[in-house]
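What follows is calculated from the coordinates using simple rules that are stated; it is not laboratory data. What you are looking at is a predicted structure, and each value in this text was computed from that prediction instead of being measured. In this analysis, Cβ positions are derived from the backbone assuming ideal geometry, glycine residues included, and neighbour counts consider all displayed protein chains.
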Amino acid sequence: MRYVWTVATDTTILFPLDTAFRRFAVTVRAVDNTFGGLPEHSPVRIWPFPYWDVNDNGVFDSGDMRLDGLSAAMDPAGSTLTFPVLNSPLRSVSCRIRLTRLSPRSSRIPRSPR
């Protein structure tokens, strides 16, 4: 499982519309301030031990950094939500907007004809 380091309290998550997946699980784990932190959006893996996957290849290798202090600072269970990904065909939506210019002396909004 891959985590992304962020200190934001609100984040937009983009799910790829891949036909291999019907659901995406999003897990959030709180980390207290005893851990020093990482650069924003750093990929983090916690198995077999916590490490910063610098090259984001899913394998602990020579370019990666072990995060020994993360286990003690991290929420052990976290919270997981599962989202269905529904890909629907594109639809064309059209609308017409009628703009009316107000005169400088008028504060009244003109009514559109019915």
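Can you bin the stretch 1-61 into rounded, prolate or oblate? Criterion: square roots of the alpha carbon gyration tensor eigenvalues sorted a ≥ b ≥ c, rounded for a/c under 1.5, prolate for a/b above b/c, oblate for the rest. Verdict is oblate for the stretch 1-61.
Between Asn57 and Thr27, the contour length at 0.36 nm per residue exceeds the Cα-Cα span by 8.8 nm. Legend: calculated FRET efficiency, Leu86 to His41, from the Cβ-Cβ distance at R0 = 25 Å, rounded to 0.05, equals 0.40. Under the simplified labelling scheme, the Ala8-Met65 pair shows an inter-label distance of 2.2 nm, with each label point 7 Å from Cα along Cα→Cβ.
Counting every other Cβ atom within 10 Å of each residue's Cβ, Ile13, Ile46 order from fewest to most as Ile13, Ile46.
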